[in-house]
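Chemist: Let me give you the structure first, and then I'll get to my questions.
Each reported figure results from applying straightforward, stated rules to the coordinates on display, with no laboratory input. Remember, it's a predicted structure, so these values are computed and weren't measured experimentally. Here Cβ is always computed from backbone atoms with ideal geometry, including for glycine, and neighbour counts include all displayed protein chains.
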Amino acid sequence: MGIRAFSIHAHFYQPPRENPLTGLIPVEQSAAPYPNWNERIFAECYRPNAELGNYQQVSFNIGPTLFTWMSGHDPHTCAKIIAQDQANLQRHQVGNAMAQSYNHTILPLSTYQDKVTQIYWGIADFTSRFNRLPQGMWLPETAVDNETLAVMARLGIQFTILAPWQACQPGIDPSQPYRVDLPGEQQISVFFYQSELSSRVSFDTLATINADDFARTILFPSFETARAHANQPQFLLIASDGELYGHHQPQRQHFLAHLVDGASSQLGLQPTYPALWLKEHPARQSIEIQERTSWSCHHGVARWVGTCPCTPGNGDWKFWLRYSFDRLANDLDQLYLETTQFLVKDPWQLRNQYIHVLLGQRSLSSLLSETASRSLTSDETRRISLLLEAQRQRQRMFTSCGWFFEDFDRIEPLNNVAYAAQAVRLARQATGVDLEPQTARDLQRVSSLRLQLSADAVFQSYINASNS
């Protein structure tokens, strides 16, 4: 009888909530009785799943910015999560945790250099926490293009997870991994999650009340009996937001625990995870992917660019926010390159390596001693330091959550504008060039439909607060 294997992938992520000026999360009344949503979701989801050992039984990723906050909030729970991945690594020589590109940006909308930075930073953050290199990487919103896959493959990533409609070919078999052939004889494996199962788990609250019923009436029938009798292995992947297990759906951490450690095994189903399955069942068929597609927008990546049926209403503000930030990013990059190109050997490589300073693994002075073209003066070191921090804020301003919802009046796009203001302020300190007037003019076309709130006013308020 062929193997019937399955895996739950839990994508754990929350947008950064810290005030960009203070680094502190403001009180969020809607999260009561907790002071903010990070602490509430942690109490309802992240910690209970760690206590139940669920991280060891599923495939999962935790967004780097979320993990940074968790590490400061409750390092003991973080240690439990890491230990559960390590248990699989010791048992199977491959772990079950996956990396994620760093700032949850929509990579198909990013420049090539930003793709490299985001993926490199995500790998470095994962390695620093899990003490091993990642084999898989979760792409934010599973948004993908071939250039992104090529960067991932070049940096050592072996596989990712996509939605079935992101394949070019119709009628794919989601029970097996596929290979995507890339330029330069590179390749990467792709797991396409099982759409119906993932939808039932994610959106049908009645389906996940009882793990035994789910395993018997929904999961088991999803496997093909004929293939099982023909001794053909099958692997079904269920992709879901990790916050579903205890936060979006209360007590579902217990459903998850029983499903992967009891209910499924009674039916002869084998819980596993993509890295382990790929080790024993490498991809045999090649496939092409639909470029600039995602799992949460059936209109490609339109949700993060402008008007899209996923978020009804006037999406012009999204277009102009993207336009404003793209233009600002280009100007920031020009300032960065003009200042550093004669001081360091490779400005882009320096930016990539800057993550090790942010992670506390090394000092900026030691990094510059390796990458500088010559001995630097204290003023030159100061300017490079400011510009690198401006580049960090520039990466943050593209956080995808800023475009996800229907209106501009939410904390996510407001924070993105705040990051842009920080980048402008730092670049001005480093170079004397003031990008504030142009950016403010560009942001005048971004405003809320519900409130008398414009992006240029938000931008100016953060500029003024920084100067005071």
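Chemist: List, largest first, the extents of the alpha carbons of the chain along their principal axes, each in whole Å.
Modeler: Cα extents, longest axis first: 71, 50, 44 Å.
Chemist: Working out 0.36 nm times the residue gap between SER30 and ASP261, then minus their Cα-Cα distance, what length gain in nm do you get to one decimal?
Modeler: Roughly 79.7 nm would be gained on extension.
Chemist: Taking the Cα-to-Cβ direction at TRP165 and at GLN361 and moving 7 Å from each Cα, how far apart do the two end points lie in nm?
Modeler: Placing both labels 7 Å along Cα→Cβ, they lie 3.8 nm apart.
Chemist: Determine the dipole magnitude for the stretch 392-431: charges of +1 sit on the beta-carbon of Lys and Arg, -1 on that of Asp and Glu, nothing else is charged, the reference point is the Cα centre, and the result goes in debye to the nearest 20.
Modeler: Its charge dipole is roughly 420 debye.
Chemist: Let me ask something else about it. Just report the Cα centroid separation between the stretch 275-329 and the stretch 390-468, whole Å.
Modeler: 23 Å
Chemist: Okay, next question. Using modelled amide H (1.01 Å from N, peptide plane; none on Pro or chain starts), what sits under 5 Å from the amide H of GLN100, excluding residues fewer than 5 places away?
Modeler: TRP138
Chemist: Among all helices in the chain defined by DSSP H, which have a length of 24 Å or more along the axis from Cα atoms plus a Kyte-Doolittle mean of at least -1.0?
Modeler: 75-92, 112-130, 316-340, 411-431
Chemist: OK, next. Modelled label-to-label distance, SER369 and ARG216, 7 Å Cα→beta-carbon offset: nm?
Modeler: 6.7 nm
Chemist: Post the alpha-carbon centroid distance, the stretch 241-260 to the stretch 114-144, in whole angstrom.
Modeler: Using only Cα atoms, the two centres lie 25 Å from each other.
Chemist: For VAL144, which sequence-distant residues (separation of 5 or more, or a different chain) have an amide H within less than 5 Å of its own amide H, given hydrogens modelled in the peptide plane?
Modeler: The list, which skips near neighbours in sequence, is ARG292, THR293.
Chemist: Next question, about the same structure. Which residues' amide hydrogens lie under 5 Å from the amide hydrogen of PHE192, considering only partners 5 or more residues apart or on another chain, with H built in the peptide plane?
Modeler: LEU162, TYR178
Chemist: Also, I was wondering about something else. Between the DSSP loop rule and a limit of at most 13 other Cβ atoms within 10 Å, which GluC sites (Glu not before Pro) in the stretch 236-332 are left?
Modeler: GLU288
Chemist: Which order do LYS80, LYS345 fall in if you start with the one that has the fewest other Cβ atoms within 10 Å?
Modeler: So the residues, fewest neighbours to most, are LYS345, LYS80.
Chemist: Further question: Considering the dipole of the chain built from charges on the beta carbon (Lys and Arg +1, Asp and Glu -1) around the Cα centre, which of ILE25, GLY313, CYS401 is farthest to its positive end?
Modeler: In the chain, that residue is ILE25.
Chemist: Return, for the Cα atoms of the stretch 304-467, the radius of gyration and Dmax in Å, separated by a comma.
Modeler: 17.2, 55
Chemist: Sticking with this one: So if I place +1 on the C-beta of Lys and Arg and -1 on the C-beta of Asp and Glu, and nothing else carries charge, what would the dipole magnitude of the stretch 368-410 be about its Cα centre? I want it in debye, nearest 20.
Modeler: So the magnitude is around 200 debye.
Chemist: Next up: Nearest 20 debye, what's the magnitude of the dipole of the chain about its Cα centre given +1 on Lys and Arg Cβ and -1 on Asp and Glu Cβ?
Modeler: It works out to roughly 580 debye.
Chemist: In deg cm²/dmol and to the nearest 500, what is the mean residue ellipticity at 222 nm of the chain if only DSSP H runs of at least 4 residues count, each as -39500 (n - 2.57), divided by the residue total?
Modeler: When only DSSP H runs of four or more count, the value is -13500 deg cm²/dmol.
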